[in-house]
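Following: one structure in structure tokens, then a few remarks.
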Amino acid sequence: MERNLCLAFAGLFLLLFFGMAWFGVSSVARRLDMTHMESNFRAAEEARHGGRKKFAAQAYRAAVVKYRRGLSRGGYYPVKSGESLTAGNCYWQRRQPRAALQCYEEGLRCEPFSISLLSSLGSCAYHLGESEKALVALEKSSSIYPLKKEMRLLLRKLRTAKPGEGK
């Protein structure tokens, strides 16, 4: 009887060990994907500013692939708003504003007072013709911290426009 109990506990601990190992490996793999995404984004930005558009497009595409793969992984990984901002900016550069808007909104769920996310969401929503959403985001951002000049102009334009008009 005692031997069976020991074997049962040994089996349970072995199962727990393998479960925790899988969990840890998945968590590290997810973090690695997000780090690669951020690295690809930085490389793409440098290439874009350096006039190497083809390389920049490839790096943005690689960043989006890493972001999607990172999201599909299991394990524990705290969602960080900076990664949502980076992914949204990648989608924006790839001319996928709907996906960018979703990333900005996801980031705002984690950090609702992020000025960068609010400004990006406002600009993206404006370009998609969602004036009301853009106005709310830019006003919230402006109430937290003064906006950049181009955002102030956009906010002024949105305040004077009638709701539902868009651009």
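Data for the structure
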item	result
Reachable lysines from LYS157, criterion Cα separation under 17 angstrom, eight or more residues apart if same chain	LYS133, LYS140, LYS148, LYS149, LYS167
Positive minus negative residues near LEU71 (Lys, Arg vs Asp, Glu; Cβ under 13 Å)	+4
Contour minus Cα-Cα distance for CYS110 and PHE23 (0.36 nm per residue)	29.1 nm
Max mean-square fluctuation residue, GNM over the chain, Cα-Cα springs under 10 Å, options GLY122, GLY11, GLY88	GLY11
Solvent-accessible area per residue, Å², over the chain with all protein chains present [probe radius 1.4 Å]	64
Accessible surface of the chain [probe 1.4 Å, protein heavy atoms]: carbon and sulfur percent	60
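The values are calculated or read from the model by the stated rules, or taken from the named source; none is laboratory data. Remember, it's a predicted structure, so these values are computed and weren't measured experimentally. Cβ atoms come from the backbone with ideal geometry, glycine included; neighbour counts cover every protein chain shown. SASA here: full protein model, heavy atoms, side chains in, ligands and nucleic acids out. Shrake-Rupley method; radii C 1.70, N 1.55, O 1.52, S 1.80 Å.
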